[in-house]
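Colleague: Below you will find the structure I want to go over with you.
The values are calculated or read from the model by the stated rules, or taken from the named source; none is laboratory data. Quick caveat, the model's predicted, so the values are computed rather than measured. Counting neighbours? That spans all protein chains shown, and the Cβs are built from the backbone with ideal geometry, glycine included. Note: areas computed on protein heavy atoms with side chains; ligands, DNA, RNA excluded. Shrake-Rupley method; radii C 1.70, N 1.55, O 1.52, S 1.80 Å.
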Amino acid sequence: MSVANIELNDGNSIPQLGFGVFQVAPTETAAAVREALKVGYRHIDTAEMYGNEREVGEAIRDSGLERGEVYVTSKLNNGYHQPDDARAAFDRTLRELGSDSLDLFLIHWPLPTLYDGDYVSTWQTLEEFKRDGRARSVGVSNFQVDHLERLAAETDTVPAVNQIELHPYFLNEEVRAYDEEHGIATEAWSPLAQGAVLDDPVVTGVAERVGKTPAQVVLRWHIQLHNIVFPKSVTAERIRENFEIFDFELEPGDLEAISGLDKGEAARIGPDPDRFAYVPS
Ligand code: NAD
């Protein structure tokens, strides 16, 4: 039972299964991350927007693991897209995490309707962090095909990853296909559709037949599709359950049946990246 590493286009690699801490209260974060590290997760996905980077750093330090044994991702919050603000925000993220470097730093949202549509200079600022070695890899989140095309045309670095909403009800196929074609690893956020897919009869049917839980079946589906995932839970049993997905395999027919649940755009849980313009105050 082991988590595979996915090779990134910059030569680094990332554990395919991690642990996400969106909507985990700061007061609960250190305990949840400690539990995840105890179970065996070695990849944590946080963001400035989640308000719990400090507690993630604390839990890693408390775990007795070497800092280099745990892969950490954080993200640039929406208010800091201008280059000087991005530089200050990245410094703060490192300080909060208590680390002098980060494995992966992402632009959280493209915000094409803000900053005169300029996510290009924001991306060029992340390229600086990569050049100076403080971010081992840099990537984007919620970028649509036209945003990625613009980075390809106007900058020197192809994002290592694109973290997008992706689950059986929303395959986000166009973006995923672009990523694949251009060597960008796809990270699937809300891999369980925040629980919404877990009582779907197709999923529960497969789960019963293979003797696994619906969450394990959906996470296994992601793994076999080569998505990078980091399900979130604060419950110890679920944290463990979500990690125990490497002792079985889904057959092609099961993969197809689950992919067949796609309902397209209508099934997005999160906002439309082309319109999302929220800047936390
Ligand atoms: P998720 O799909 O991981 O669902 C989490 C929820 O599913 C839990 O709150 C719980 O209710 C349920 N759940 C988890 N494990 C379960 C189990 N074994 N059995 C039954 N129910 C279970 O949703 P998420 O937290 O939104 O996404 C995961 C991670 O993706 C986040 O923590 C964050 O790191 C990342 N994310 C990124 C963005 C972005 O814009 N980049 C947006 C949302 C989430």
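Colleague: Compute the distribution of all C-alpha to C-alpha distances in region 1-74, in bins of 10 Å from 0, and list the percent of pairs in each, rounded to whole numbers.
Modeller: The distribution over region 1-74 is 20, 53, 25, 2, given as percents.
Colleague: Rg and Dmax of region 229-281, Cα atoms, in Å?
Modeller: Rg then Dmax for region 229-281, in Å: 16.5, 47.
Colleague: Note down the nm distance, to one decimal, between modelled labels 7 Å out along Cα→Cβ at Lys38 and at Arg87.
Modeller: Reported label-point gap for Lys38 and Arg87 is 4.3 nm.
Colleague: Using the C-alpha gyration tensor of region 1-134, what are the square roots of 5 times its eigenvalues, in whole angstrom, with the largest one first? Could the numbers behind the result be given before it?
Modeller: Values: eigenvalues 132, 57, 35 Å².
Taking √(5λ) for each eigenvalue gives 26, 17, 13 Å, largest first.
Colleague: Can you give me the Rg/Rh ratio for region 149-281, using Cα atoms for both radii and the Kirkwood formula for Rh?
Modeller: Working: Rg = 15.9 Å, Rh = 15.9 Å.
Radius of gyration relative to Kirkwood radius: 1.00.
Colleague: What residue among Ala160, Ala135, Ala177 has the largest mean-square fluctuation in a Gaussian network model of the chain, using Cα springs under 10 Å?
Modeller: Judging by the Gaussian network model, the answer is Ala177.
Colleague: Using a 1.4 Å probe and counting only protein heavy atoms, arrange Asp156, Asp254, Asp85, Asp272 so the residue with the most accessible area comes first.
Modeller: Values: Asp156 150, Asp254 15, Asp85 60, Asp272 35 Å².
Sorted by accessible area, descending: Asp156, Asp85, Asp272, Asp254.
Colleague: With the Cα gyration tensor of the chain in hand, give its eigenvalues times 5 under a square root as the equivalent ellipsoid semi-axes, listed largest first in whole angstrom. Intermediate results must be reported in sequence, preceding the final value.
Modeller: Numbers: eigenvalues 164, 105, 54 Å².
Taking √(5λ) for each Cα gyration eigenvalue gives 29, 23, 16 Å.
Colleague: Roughly speaking, what is the stretch gain from Arg209 to Val158, that is 0.36 nm per residue apart minus the C-alpha to C-alpha distance, in nm to one decimal? Can you show the working numbers first?
Modeller: Details: separation 51, 0.36 × 51 = 18.36 nm, distance 4.13 nm.
Result for the pair: 14.2 nm of gain on full extension.
Colleague: Additional query: Sequence gap at least 6, Cα distance under 8 Å: using those rules, report the relative contact order of region 133-210 to the nearest whole percent. Before the final figure, lay out each step's value.
Modeller: Values: 83 pairs, mean separation 20.9, N = 78.
It comes to 27 percent, rounded to a whole number.
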